[in-house]
Amino acid sequence: MHNVIIFGASGHGSVVLDCLEKEGSYNVIGFVDSFKKKGSLIFGYEVLGSEYDLPYIVSKFNIHGGIVAVGDNWTRKLMVDRILKIQPDFYFINAIHPKATVGKDVLLGFGNVLMPGSVVNTNAILHDFCIVNTNASLDHDGIMGSYSSLAPNSCLGGNVYVGRFSAVCLGANVIGNVSIGEHTLIGAGALVLNDFTDLLIAHGSPARKIRSRMIGEPYLAVSKNNEAYIPMNIRKVL
């Protein structure tokens, strides 16, 4: 089996690791992480260094490729750009859990993650570095632009388009034939009945625009107690 590495030794990284272990197509050598001590063990695997150690790691461990395990869409893009600047020919693999369902004639780019219970139905297209999280579904002929993501239990009908860097959050539902623009956030539990353009946040049932959104604005955050929270500037708007 080919040797691979995972960029990011976070909670999301542990799920990506589980996908790769259960898939059984690659030999995971360890993690690359700038915020963890080199040589420490995370989820039973060694932290090999930071992305700046990548040429040495690739050479020493005969690395075939790897995957970026970063949940935030824009941060994932920045990490990919950094990797390619350091190692321009680096190869990005897909991680597909064996309990994910991939339909006929689905097209996958590079660096995608399909979590357990996820469904990508017939004729759907995932571009590069997308996440289809636990029990999320993209129905027939759906399209996900690069660096977009579906959170756990989100459900998208047929012929739905999700633009680059956009995120559909936990438990949101999107009816068929709807288009979601780039850098747009669909809030948890939302019911999307119509199109939304770029750079906005939409919540509610039916979903409506709450406010505009900036490129790169974080939407996943963790408190000091590792509890998810909404940043204060968003709380005030909501």
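Bear in mind these aren't lab numbers, they're just calculated from the coordinates by the rules spelled out. In this text, all values refer to a predicted model and were calculated from it rather than measured experimentally. Cβ sites come from the backbone with ideal geometry, for glycine too, and all protein chains shown count toward neighbours.
Based on C-alpha pairs under 8 angstrom that are at least 6 apart in sequence, region 100-212 has a relative contact order of 15 percent.
Cβ under 14 Å from ASN159's Cβ, ASN159 left aside: what net charge do those residues give with Lys, Arg +1 and Asp, Glu -1?
-3
In this structure, the pairs whose alpha-carbon distance is over 27 Å, taken from LYS36/LYS99; LYS36/LYS60; LYS38/LYS85; LYS37/LYS60, are LYS36/LYS99. Near ASN123, within a Cβ-to-Cβ distance under 11 Å, what is the net charge of the other residues, with Lys and Arg +1 and Asp and Glu -1? Summing Lys/Arg as +1 and Asp/Glu as -1 gives -2. Taken one residue at a time, the phi angles of region 136-143 give Karplus couplings (6.51, -1.76, 1.60, θ = phi - 60°) of 7, 9, 10, 7, 4, 6, x, 9 Hz. Gly and Pro are set to x. Other residues lying with their Cβ under 11 Å from the Cβ of SER179 contribute a combined charge of -3, Lys and Arg counting +1, Asp and Glu -1. Look at where the Cα atoms of region 135-207 and of region 1-18 average out, and the two centres are 26 Å apart. With 10 Å bins beginning at zero, the pair-distance distribution over Cα atoms of the chain amounts to 8, 33, 34, 20, 5, 0 %. About its Cα centre, the dipole of the chain is roughly 640 debye, where the only charges are +1 on Lys and Arg Cβ and -1 on Asp and Glu Cβ. To the nearest ten degrees, helix 11-23 and the longest principal axis of the Cα atoms of the chain are 70 degrees apart.
Close amide-amide hydrogen proximity is noted between VAL28 and VAL4, each under 5 Å apart and 5 or more residues distant or on a separate chain (H modeled in the peptide plane; Pro and chain starts excluded).
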